[in-house]
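The values are calculated or read from the model by the stated rules, or taken from the named source; none is laboratory data. Keep in mind that this is a model prediction, so the values were computed, not measured. Cβ placement follows ideal geometry from the backbone for every residue including glycine, while neighbour counts extend to all protein chains displayed. We work out accessible area using only protein heavy atoms, side chains counted, and drop any ligands, DNA or RNA first. Shrake-Rupley method; radii C 1.70, N 1.55, O 1.52, S 1.80 Å.
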Amino acid sequence: MSQRSGKTTKSIDWITLTVFFSLLIIGWLMLYAAVFDSKVPHAYLDFNSAIGKQTIWVGIALVSFVLVYAIDWQFWNTFAFPIYGAAIILLVLVLIIGAEIKGARSWFSFGGVSFQPSEIAKFATALAVSSFLSSYKSDIRTRNSLLISFGLITLPMFFILLQSDAGSALIFLSFFILFYRRGLTPLFYILGFSIAAIFIGSLVFEPHVVVLTVALVGLGTLIYNIGETWRSALIFFSIAAFSTLLYIRDLYWFGIGLVVLSTLVYSYLMFQERQFRTLTIVLPAILFSSLLAFGSAITFEKVLEPHQQDRINVWLRPEKSDPRGARYNIIQSKLAIGSGGVQGKGFLKGDMTNLNYVPEQTTDFIFSTVGEEQGFIGSFGVIFLFTLLIVRIVIIAERAKNVFIQNYAYCIAGIFFIHFFINIGMALGIMPVIGIPLPFLSKGGSALLGFTIMIAVLLRMDMARFR
């Protein structure tokens with residue numbers, strides 16, 4: 001925004017718009033490189049080829065951007081729930097008449113063109129949640145508003161999980177970023193991260209290790225709150241050291257028994273001092289964590305399908321996964337990224353890219369093409385652009401004068417962050433491979449159209465600050 005002769009000039013957020021177009025161009029170029037065939041250098045003119053279809057989708061996305069940007073931002077607030085309802089209907093219909101692709105019934109397929117309604121459902125849910133929480137009657141800190149907000153995000157998650165598309169369902173957890181901004185108690189996040197940590201720990205270190213650790217933390221909490229002398233601290237560290245020694249000697253059940261017995265003793269002492277509040281938090285937490293640890297291990301072995309176990313093993317226990325099977329994709333992706341060095345091999349000169357060494361290179365592992373051909377510099381550039389985009393979205397949120405606009409911006413920031421973080425993490429082997437595309441770079445018309453509409457609506461909403 002600039003001022004000339006006392007008049008305010010309305011202007012679109014050119015930084016966000018430039019980043020959007022930059023990622024769009026980079027995405028098309030990287031997809032072209034991933035499918036490049038020197039015998040058919042102009043494949044983008046063949047609309048039956050992968051790059052040709054993506055070229056059409058880019059054109060559709062650009063036209064959609066212009067059309068959506070022309071719509072007044074208040075339209076999205078007014079029709080948020082009808083759009084949400086239509087998205088839910090599509091999620092139900094795809095379960096009935098949708099096409100099954102790669103084990104997931106998530107697509108409508110018409111005349112060789114596929115469309116994934118879950119991508120639109122993300123946008124629709126962002127509108128519905130934003131509209132609801134902008135109502136003067138709603139407050140995320142109250143029970144009714146909290147339950148309705150949870151319901152708005154869990155309903156599409158439920159239908160997407162029925163499609164066997166856990167990756168897309170996971171994206172809806174990004175709305176908790178908005179919930180936190182609106183004042184949701186941090187206890188929900190502490191509980192969520194604790195459950196995730198226990199689940200991961202029970203698979204990486206075995207359940208009894210998690211139980212021993214949690215019991216020691218609980219015992220330490222009791223001793224700290226009982227307010228005794230340094231002798232109690234000495235007793236605690238002695239118990240911790242001795243129980244750890246028992247674990248090392250494969251006598252972990254004796255170690256757990258020692259900690260549990262000590263916990264019961266100090267619980268009795270706290271009961272005598274009438275410190276009931278601490279007891280009602282620590283003891284149930286130990287019991288719940290212990291049950292969760294063993295439950296996670298049992299669920300992994302008895303409930304999850306073999307391909308789901310493979311994905312988790314690749315991520316958390318690579319030594320238990322087949323390097324020529326489930327782990328092959330990540331190994332090849334990391335090799336391709338590492339082979340790019342600092343400057344990369346050059347556009348269309350990636351050996352592993354050209355020879356299709358990396359499976360799913362146009363979708364899940366498109367970042368490996370960036371790493372091989374553009375090297376560290378190009379990879380850093382893409383990461384920088386995504387980071388800048390998310391930062392700009394947050395800036396738009398904070399300068400918004402309308403609560404609905406602020407809510408929507410935080411929803412979009414969360415969606416882009418989860419996509420960006422998990423997809424690049426997949427390519428680097430630090431996140432599980434769950435089929436989440438990299439916005440604007442991965443092949444796929446539905447995702448490209450969905451992300452483009454999100455940005456177009458956001459930029460239109462941002463213009464409301466001039467009113």
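Any chance segment 373-382 includes a residue that's more than 19 Å from Gly340 (Cβ to Cβ) and either without any contact (Cβ under 8 Å) to a residue 12 or more places away in the chain or open to solvent by 30 Å² or more (accessible area, probe 1.4 Å) (or both)? No.
Selection of helices (runs of 4 or more DSSP H) fully inside segment 232-320 by the criterion of at least 3 residues being farther than 30 Å from Pro432 by Cα returns 252-272, 276-302.
For Phe440, the conditions (1) part of a helix (DSSP H, G or I); (2) at pLDDT 95 or above; (3) of a type in the set (A, V, I, L, M, F, W, C) all hold with the exception of (1). For segment 273-289, check the following and say yes or no: at least one residue is of a type in the set (Phe, Trp, Tyr), over 18 Å from Val204 (Cα atoms), free of Cβ contacts under 8 Å to residues at least 40 places away in the same chain and exposed (fewer than 15 other Cβ atoms within 10 Å of the Cβ). Looking for residues that are of a type in the set (Phe, Trp, Tyr), over 18 Å from Val204 (Cα atoms), free of Cβ contacts under 8 Å to residues at least 40 places away in the same chain and exposed (fewer than 15 other Cβ atoms within 10 Å of the Cβ), one finds at least one in segment 273-289, hence yes.
Okay, residues lined up against (1) under 18 Å from Phe420 (Cα atoms); (2) in a helix (DSSP H, G or I):
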| position | (1), (2) |
| --- | --- |
| Gly344 | no, no |
| Lys349 | no, no |
| Met352 | no, yes |
| Tyr357 | no, no |
| Thr363 | yes, no |
| Gly371 | yes, yes |
| Phe376 | yes, yes |
| Phe386 | yes, yes |
| Ala397 | no, yes |
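The set of residues in segment 10-54 that are of a type in the set (Gly, Ala, Ser), over 30 Å from Asp462 (Cβ atoms) and not in a helix (DSSP H, G or I) comprises Ser38, Ser49.
Going through (1) within 28 Å of Gly340 (Cβ to Cβ); (2) assigned to a helix (DSSP H, G or I); (3) at pLDDT below 95 one by one, Phe417 falls short only on (3). The residue that is nearest to Val35 (Cα to Cα), among those in segment 345-357 that are more than 28 Å from the chain's Cα centre (by Cα) and not aliphatic (A, V, I, L, M), is Asn354. Taking the criterion of being within 14 Å of Gln406 (Cα to Cα) and either in contact (Cβ under 8 Å) with a residue 24 or more places away in the chain or open to solvent by less than 60 Å² (accessible area, probe 1.4 Å) (or both), the residues of segment 177-202 that qualify are Ile177, Leu178, Phe179, Arg181, Arg182, Gly183. In segment 306-315, the count of residues that are more than 17 Å from Leu203 (Cα to Cα) and either in contact with an Asp or Glu (Cβ under 8 Å, 6 or more places away or on another chain) or open to solvent by 30 Å² or more (accessible area, probe 1.4 Å) (or both) is zero.
In the set (1) surrounded by fewer than 20 Cβ atoms within 10 Å (Cβ to Cβ); (2) assigned to a helix (DSSP H, G or I); (3) under 20 Å from the mean Cα position of the chain (by Cα); (4) not aromatic (Phe, Trp, Tyr), Met431 fails one condition alone, (2).
For the structure I just gave you, tell me whether Asp72 is among the acidic types (Asp, Glu), open to solvent by less than 30 Å² (accessible area, probe 1.4 Å) and either touching a helix residue (DSSP H, G or I) at 6+ places or on another chain (Cβ under 9 Å) or more than 23 Å from Thr369 (Cβ to Cβ) (or both). Lay out the reasoning, then the answer.
Values: among the acidic types (Asp, Glu): yes; open to solvent by less than 30 Å² (accessible area, probe 1.4 Å): no; either touching a helix residue (DSSP H, G or I) at 6+ places or on another chain (Cβ under 9 Å) or more than 23 Å from Thr369 (Cβ to Cβ) (or both): yes.
No, not satisfied.
Tally up the residues in segment 388-412 that are under 20 Å from Phe440 (Cβ atoms) and without any contact (Cβ under 8 Å) to a residue 24 or more places away in the chain, please. Counting residues in segment 388-412 that are under 20 Å from Phe440 (Cβ atoms) and without any contact (Cβ under 8 Å) to a residue 24 or more places away in the chain gives 3. From the list Ala326, Ala293, Ala297, the one residue that fits, being within 24 Å of the chain's Cα centre (by Cα) and modelled with pLDDT under 85, is Ala326.
Exactly one residue out of Leu62, Leu45, Leu67 is modelled with pLDDT under 90 and open to solvent by 50 Å² or more (accessible area, probe 1.4 Å): that is Leu45. The residue that is surrounded by the most Cβ atoms within 10 Å (Cβ to Cβ), counting only those in segment 153-169 that are in contact (Cβ under 8 Å) with a residue 24 or more places away in the chain and among the hydroxyl-bearing types (Ser, Thr, Tyr), is Ser168.
To keep it simple, each residue is scored yes or no on (1) farther than 23 Å from Ile453 by Cβ; (2) open to solvent by 40 Å² or more (accessible area, probe 1.4 Å); (3) without any contact (Cβ under 8 Å) to a residue 12 or more places away in the chain.
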site: Gly85; (1), (2), (3): no, no, yes
site: Leu90; (1), (2), (3): no, yes, no
site: Ile96; (1), (2), (3): yes, yes, yes
site: Trp107; (1), (2), (3): no, yes, no
site: Glu119; (1), (2), (3): no, no, no
site: Phe123; (1), (2), (3): no, no, no
site: Ser131; (1), (2), (3): no, no, no
site: Ser138; (1), (2), (3): yes, no, yes
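Once segment 132-154 is narrowed to residues that are in contact with a helix residue (DSSP H, G or I) (Cβ under 8 Å, 6 or more places away or on another chain) and hydroxyl-bearing (Ser, Thr, Tyr), the residue that is modelled with the lowest pLDDT is Ser138.
Cβ-Cβ contacts under 6 Å between residues 6 or more apart (or on different chains), taken from a first residue in segment 341-364 that is open to solvent by 40 Å² or more (accessible area, probe 1.4 Å) and of a type in the set (Ser, Thr, Tyr) to a second residue that is modelled with pLDDT of 90 or more and outside any loop (DSSP other than H, G, I, E, B), are listed as Tyr357/Gln332.
Does any residue of segment 304-320 turn out to be of a type in the set (A, V, I, L, M, F, W, C), over 28 Å from the mean Cα position of the chain (by Cα), more than 15 Å from Val214 (Cβ to Cβ) and at pLDDT 85 or above? Give the derivation first.
Residues of segment 304-320 of a type in the set (A, V, I, L, M, F, W, C): 304, 312, 314-316.
After this cut, where a residue has to be over 28 Å from the mean Cα position of the chain (by Cα) as well, the list is none.
No, segment 304-320 contains no residue that is of a type in the set (A, V, I, L, M, F, W, C), over 28 Å from the mean Cα position of the chain (by Cα), more than 15 Å from Val214 (Cβ to Cβ) and at pLDDT 85 or above.
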